[in-house]
Amino acid sequence: GADAVAQRHLEGMLEQHPMGGPTEAGRAALDADERNRIAVHEAGHAIIARLLDVGVVEKVSILKRGRALGVTLVTNDQDLTLQSEPAMRARMAMLLGGRAAEQLVLKTVSTGAANDLERASNMAYRMVTEFGFGKQLGPFSYAGLPERDRSLVTCQEAISEARDLLKELEQECAALLRSHRHALDLLTAQLLEHETVSGEVVTSCIASNDIAIAA
């Protein structure tokens, strides 16, 4: 209905493509405890993403979008062709950040982390079976085996190493969130009040945490 395409239209399109559109019915279906858990979860993702410099934290929302109950939108300021091992570890840690925040604040975890775990597990498995990032398997790729032999290979060793990697990153997440608990609580409160906040708010919460520690 606009006379011309403006920057806000482009930004809205880029936001809606990965995040989906807000769903009012989803908001109405949530009770206070669920809404609080989602806020804690998304705050965990955002804090870890910002601390580990995963990318640009554009927006954090607890509004239901598509099938997601909440979304943390992180973008890269440039197109990446290659990913380093540290960069992959940081992104996996971000995926685990929501679950770690739930565990820290609410003392339990929920099914809301199912997709996060699926994506992180896929990345961990590929790290040890395709990219040679595993400590046990080392510089070896299952993809290098003749196709006729791949069905003979047991994946248990790779699964075990991928699981150990995720446990290690989960512990790192927990430590970061404990040391930034003030920021986590501030951001959770902002999300509960405003439902959607900008990346600048995430940065501000982390800065407030540093001031609180210094005091």
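The values are calculated or read from the model by the stated rules, or taken from the named source; none is laboratory data. Worth saying up front: this structure is predicted, and the values here are computed from it rather than measured. Positions of Cβ are backbone-derived with ideal geometry, glycine not excepted, and every protein chain shown enters the neighbour counts. In case anyone asks, the SASA skips ligands and DNA or RNA and just uses the protein heavy atoms, side chains included. Shrake-Rupley method; radii C 1.70, N 1.55, O 1.52, S 1.80 Å.
Nearest 10 degrees, 0 to 90: what angle lies between the long axis of helix 32-51 and the longest principal axis of the chain (Cα atoms)?
It is inclined by approximately 60 degrees.
Residue farthest toward the positive end of the dipole of region 53-204, with Cβ of Lys/Arg at +1 and Asp/Glu at -1: which of V56, T75, N122?
N122
Which of the trypsin sites (Lys or Arg not before Pro) found in region 47-82 are in a DSSP loop and have at most 12 neighbouring Cβ atoms, other than their own, within 10 Å?
R67
Expressed as a rounded percentage, what relative contact order does the chain have, with Cα pairs under 8 Å and six or more residues apart?
24
What's the FRET efficiency of E11 with A214 using the Cβ-Cβ distance as r and R₀ = 35 Å, to the nearest 0.05?
Computed FRET efficiency for E11 and A214 comes out at 0.50.
Using label points projected 7 Å from each Cα along Cα→Cβ, tell me how many nm separate T203 and C155, to one decimal.
4.1
Starting from region 133-215, pick out the trypsin sites (Lys or Arg not before Pro) whose DSSP state is loop and whose Cβ has at most 11 other Cβ atoms within 10 Å.
K135
May I ask you to give the average projected area over all directions of the convex hull of the Cα atoms of region 63-215, in nm² rounded to one decimal?
In nm², the orientation-averaged hull projection of region 63-215 is 11.8.
Note the angle between two axes, namely the Cα long axis of helix 156-179 and the longest principal axis of the Cα atoms of the chain, as a number of degrees from 0 to 90, rounded to the nearest 10.
The two axes meet at around 30 degrees.
Suppose R0 equals 35 Å. What FRET efficiency, 1/(1 + (r/R0)^6) with r the Cβ-Cβ distance, do L192 and R119 give to the nearest 0.05?
About 0.85, to the nearest 0.05.
Need one number: nm distance between label points at A175 and V109, each 7 Å from Cα along Cα→Cβ, rounded to one decimal.
It works out to 1.8 nm between the two label points.
Mind jotting down the three principal axis lengths of region 161-215 based on Cα atoms? Whole angstrom, largest first.
Extents along the principal axes, in whole Å: 40, 30, 15.
For the chain, with every protein chain kept in place, what is the accessible area per residue (1.4 Å probe, Å²)?
Here the per-residue accessible area is 58 Å².
So between A143 and F131, what do we pick up on full extension, going 0.36 nm a residue minus the alpha carbon distance?
3.3 nm
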